[in-house]
Amino acid sequence: MSSSTPSAPENSRSADARSESSRSATEQELYSQPDIWARVLADSPVHRGILPATGRPVLFVGCGTSYYIGESYARLRNAAGLGRTRAAIASEIPYVERDEVILVLSRSGTTGDVNRIARELGQDHHVVGIIGDPATPLPALCDEYVLLDYADEISVVQTRFATSALTALRASLGADLSGLVQDARAALAEPLPDPLPDHVVFLGHGWTIGVANEAALKCREAAGFWTEAYPVMEYQHGPIAAAGPGTLVWSFEPLPDFIADAVKATGARVHVPNLDPQAQLATVHRLAVALAVRAGRDPDHPRFLSRSVQLT
């Protein structure tokens, strides 16, 4: 690990070291991720028979977190040469190809934009879902679906459902995930940045651009915190001007020395964990909770948010 964050600050350590019974619902769910991921991996042979087959063009549709998971999946599937794949925000789909399988991801099964797209495109396309609750409208709008009800959450801010969906998607592409659960356990045990930052920038490359965007969203949702996300090589093209001594630059990919040196020259800290990028999201989830606690916010009840955005 290349990091200048050797130990957890007192306020985040005390929040992070509470007994399981005293943790918030969000914390309890995020700490359950290794066991849930292990179950998803065990179910992966079934999931492969449902998720799009090799060679089929795919349009992945989601909102918020689900879109970022789709962004990662699309980049992974394209890079592996398994079929033309793209991700789109449900309310901003520029076009639809006639041969595309529509893949939708929704924890709640009630997200208005996602359900509308599944209903409209389902007339002419094969629709596959990844859902958390079967007793919702979405299953009936899908031709088939992967059910991750054991990964569903009561929390507003998604943690384990989104990462479980990413686990299923990565496994369906044939990725070697043999070390993923172990890395997740390590991510839940490693120290948080000390001191907690005032500003975090997440960097990614390829499929981890989606991971970086999701990491930034988690901190904004839980704590109302100033976070940004960029591709690694894009950061010096302007955004680095906002970096300073209170900034933490967290990269999900190894950083070239010239970028790391440029970041350090601003007074910012550089954090590059030596763990699977998806597993690092577990640490980010803990960071988001710690930032929320520092700000006097309840991570179980984030401001202005609900579990599902429903349209009338």
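Distance in nm between label sites at Asp143 and Ala189, each 7 Å beyond Cα in the beta-carbon direction?
Computed distance between label sites Asp143 and Ala189 equals 4.5 nm.
Mind jotting down the distance between the C-alpha centroids of the stretch 48-109 and the stretch 236-264, whole Å?
The stretch 236-264 and the stretch 48-109 have Cα centres separated by 30 Å.
Gain in length, Asn274 to Asp198, computed as 0.36 nm per residue apart minus the alpha-carbon separation, to one decimal in nm?
Separation in residues times 0.36 nm, less the Cα-Cα distance, equals 25.0 nm.
Placing +1 at every Lys and Arg Cβ and -1 at every Asp and Glu Cβ, with all other atoms neutral, what dipole size does the stretch 138-241 have around its Cα centre, in debye to the nearest 20?
100 debye
Taking 0.36 nm per intervening residue step and subtracting the Cα-Cα distance, what contour gain separates Ala265 from Ala175 on full extension?
28.7 nm
For the chain, what is the mean residue ellipticity at 222 nm derived from helices alone (per DSSP H run of n ≥ 4: -39500 (n - 2.57); sum divided by total residues; nearest 500 deg cm²/dmol)?
-12000 deg cm²/dmol
Could you work out what % of the accessible surface of the chain is carbon and sulfur, using a 1.4 angstrom probe and leaving DNA, RNA and ligands out of the count?
C and S fraction of accessible area: 51 percent.
Please give the per residue accessible area of the stretch 26-148, computed with a probe of 1.4 Å over protein heavy atoms only, in Å².
For the stretch 26-148, the solvent-accessible area averages 40 Å² per residue.
Provide the gained length on full extension for the span His237 to Arg116, in nm with one decimal, where the gain is 0.36 nm per separating residue minus the Cα-Cα distance.
Gain on stretching His237 to Arg116: 39.8 nm.
Using 7 Å Cα-to-Cβ label points, what is the Ala79/Arg98 separation (nm, one decimal)?
Placing both labels 7 Å beyond Cα along the Cβ direction yields 3.3 nm.
Mean 1/r over all different Cα pairs, inverted: what Kirkwood radius does the stretch 165-262 give, in Å?
14.9 Å
Enumerate the amide H contacts of Phe202 below 5 Å, restricted to partners 5 or more residues apart or on another chain; note that Pro and chain-start residues carry no placed amide H.
Amide H neighbours of Phe202, under 5 Å, 5+ apart: Glu228, Ala229, Tyr230, Trp250.
Round to the nearest 0.05 the FRET efficiency obtained for His126 and Ala42 when R0 = 25 Å and r is the Cβ-Cβ distance.
Calculated value: 0.45.
Return one whole number: the accessible area per residue of the stretch 220-312 in Å², for a 1.4 Å probe.
It amounts to 46 Å² per residue over the stretch 220-312.
Which of these values of Rg/Rh (Cα atoms, Kirkwood Rh) was calculated from the structure shown: [x] 1.13; [y] 0.96; [z] 1.26?
[y]
What do you get for the angle between helix 160-172 and the principal long axis of the chain? Use alpha-carbon atoms, 0 to 90 degrees, nearest ten.
With both axes taken from Cα atoms, the answer is about 60 degrees.
The values are calculated or read from the model by the stated rules, or taken from the named source; none is laboratory data. The structure displayed is predicted, hence computed values, not measured ones. No Cβ is skipped: glycine too gets one built from the backbone with ideal geometry, and neighbour counts run over all protein chains shown. Areas reflect the complete protein model, heavy atoms only, side chains present, ligands, DNA and RNA absent. Shrake-Rupley method; radii C 1.70, N 1.55, O 1.52, S 1.80 Å.
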